[in-house]
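The values are calculated or read from the model by the stated rules, or taken from the named source; none is laboratory data. Because the structure is a prediction, the values reported are computed rather than measured. Methodologically, a virtual Cβ is constructed for each residue, glycine included, from the backbone with ideal geometry; neighbour enumeration extends over all protein chains shown. The accessibility values were calculated without ligands, DNA or RNA, using every heavy atom of the protein model including side chains. Shrake-Rupley method; radii C 1.70, N 1.55, O 1.52, S 1.80 Å.
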Amino acid sequence: MTAVVDRTARELRPTESVSCAALARVSGDDLQVPLVQGGTTTYANFDYAASAPALARVTDRVQQLLPFYASVHRGAGYASRISTECYEAARGSVRRFLDADDDQVVVFTRNTTDSLNLLAACVPGDTVVLDTEHHANFLPWTRRGRRVVRAADTIEETIRLLVAELCSKPAALLAVTGASNVTGEVLPLERLALIAHQCGARILVDAAQLAPHRRISLRDTGIDYLAFSGHKLYAPFGAGVLVGRRDWLDAAEPYLAGGGAVREVGTDTAAWAPAPQRHEAGSPNVLGAAALAAACDALCEIDPETLIGHERQLADRLRAGLSAISGVELLRIWSDSPDTVGIVAFTLDGFAPGHVAAYLSAEHGIGVRDGRFCAHPLLARLGLDGALRTSIGLGTSAADVDRLVEAIATLVQRGATWNYAETGGLWNPTPETRPFTGVDDGTGAAPCLIS
């Protein structure tokens with residue numbers, strides 16, 4: 001496996017043979033949604049960066065395991081033994097997916113935010129972060145001392161500022177986002193890992209947005225700790241991971257105190273287990289771990305260059321289409337970033353982001369994200385109160401991209417066909433004609449949320 005390293009735009013440009021069809025079947029790829037003007041259409045999902053739909057292979061794996069779902073680690077029954085084997089085998093799938101070193105352990109958590117809060121309680125010193133981070137990789141580090149570096153207009157100058165901060169006084173950790181959740185821009189992780197180590201620090205990578213799009217070798221890049229969420233990796237069953245060096249994890253107090261985290265308990269003492277069990281107290285999310293492992297295994301079977309080519313071709317198509325529309329401004333953090341994952345953020349002059357998102361959903365059956373994306377400092381430095389974000393995944397096709405671009409162009413050229421109003425910070429069509437109902441539970445009495 002190759003490390004995530006700097007790539008030029010030329011190296012990442014797709015070849016003519018790369019298909020623009022979806023790369024894999026995902027749940028909901030044939031979902032029919034109602035439109036305010038009447039009728040239905042197939043849902044076009046451009047919100048992968050928030051929560052990716054489950055791969056068909058992931059849902060199949062969960063269905064296979066459900067009959068054997070039982071308690072783990074301490075059950076003698078056959079179902080418990082199967083569940084335990086699946087749960088522990090899931091660590092191996094994550095380890096292979098990330099090409100982890102022998103001294104790095106896999107701790108299952110709820111999501112990336114959970115993973116980073118866990119590590120924050122283990123770091124024996126200050127943590128250096130950029131102001132471009134998602135809140136999950138910005139807020140937790142205040143526990144032991146957070147030092148914020150304001151990113152410059154280029155990656156090169158930003159790295160110089162990071163070096164200066166790391167050299168100014170000792171820091172235990174450099175915490176960076178592998179790919180921006182707003183713009184998709186990728187940082188040179190191997191280079192940053194080398195810099196951190198030369199300055200006496202370790203490096204943590206928030207890979208929530210990077211892992212679904214790029215193969216990462218912890219061994220080759222020198223990354224010490226990495227976190228990501230299953231629900232962004234086509235396994236939306238409530239599991240995440242923290243993978244990293246054992247010593248800090250073994251030395252820290254358990255993230256949660258309780259059963260499973262201990263070897264022996266007395267009335268006044270507790271002998272805590274080593275990691276990963278030390279930080280996995282309570283009954284674990286067996287199905288979530290199995291789903292995450294199935295997603296890792298499935299992604300391992302996709303050729304990395306095929307994945308990059310598919311994504312790059314669609315993202316280039318999307319950027320070109322949006323750039324041709326009057327009033328659209330694409331967002332970037334750095335002028336020299338050589339690589340981006342399939343995330344395109346933009347603003348549309350004269351339209352509130354929430355208005356555009358509501359229009360796309362109500363009149364075209366297209367799902368995008370609007371707002372500040374849990375990255376308030378970054379949006380502030382871009383001078384924005386909000387923006388629109390589109391994100392591409394394995395289930396995205398060229399037809400989806402063209403449909404989105406055409407819908408935005410129609411809004412600019414002819415306007416919306418429906419009225420929209422903002423209430424409590426949320427934009428909605430008025431009147432709202434679409435039925436919002438719960439999933440049918442088989443009794444015919446699904447709850448109605450909006451009539």
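Structural remarks
- Computed over the alpha carbons of the stretch 168-207, Rg followed by Dmax gives 10.8, 31 Å.
- Cα-based shape type of the stretch 96-200, given that a ≥ b ≥ c are square roots of the gyration tensor eigenvalues and the cut on a/c is 1.5: rounded
- Prolate/oblate/rounded label for the stretch 262-412 (Cα gyration tensor, a/c 1.5): prolate
- Packing-based order for 355-361, 164-170, 367-373, using average beta carbon neighbours within 10 Å, highest first: 355-361, 367-373, 164-170
- Protection proxy ranking of 80-93, 28-41 - average other beta-carbon atoms within 10 Å, highest first: 80-93, 28-41
- For the stretch 169-298, the Kirkwood estimate of the hydrodynamic radius, built from every pair of different alpha carbons, is 16.3 Å.
- Net charge, residue 238 excluded, C-beta distance under 13 Å - Lys, Arg +1, Asp, Glu -1: +1
- Per-peptide average of other Cβ atoms within 10 Å, ordering 270-276, 122-128 highest first: 122-128, 270-276
- A cut-off of 5 Å between modelled amide H atoms, ignoring neighbours fewer than 5 places along the same chain, links residue 128 with 147, 173, 174, 175.
- Helix axis angle, 353-364 relative to the chain longest principal axis, alpha carbon, degrees: 70
- The shape of the chain comes out oblate: with a ≥ b ≥ c from the C-alpha gyration tensor, a/c is at least 1.5 while a/b does not beat b/c.
- Between residue 74 and residue 163, the contour length at 0.36 nm per residue exceeds the alpha carbon distance by 27.2 nm.
- Spin-label pair residue 421/residue 283, simplified geometry with 7 Å Cα→Cβ offset, distance in nm: 4.7
- Distance in nm between pseudo-label sites at residue 64 and residue 40 (7 Å out along the Cβ direction from Cα): 3.1
- Within the accessible area of the chain (1.4 Å probe), percent carbon and sulfur: 51
- Segment residue 398-residue 131, length gained on full extension (0.36 nm per residue, minus Cα span): 92.7 nm
- Accessible surface area normalised per residue over the chain is 43 Å², counting heavy atoms of protein chains with a 1.4 Å rolling probe.
- Net length gained if the chain between residue 324 and residue 51 were fully extended (0.36 nm per residue, minus Cα distance): 95.4 nm
- Pair residue 102, residue 270: separation of 7 Å Cα→Cβ label points (nm): 3.2
- Computed over the stretch 61-129, the convex hull of the alpha-carbon atoms projects to a mean area of 6.7 nm².
- Length-normalised contact order for the chain - Cα pairs under 8 Å, 6+ apart - percent: 23
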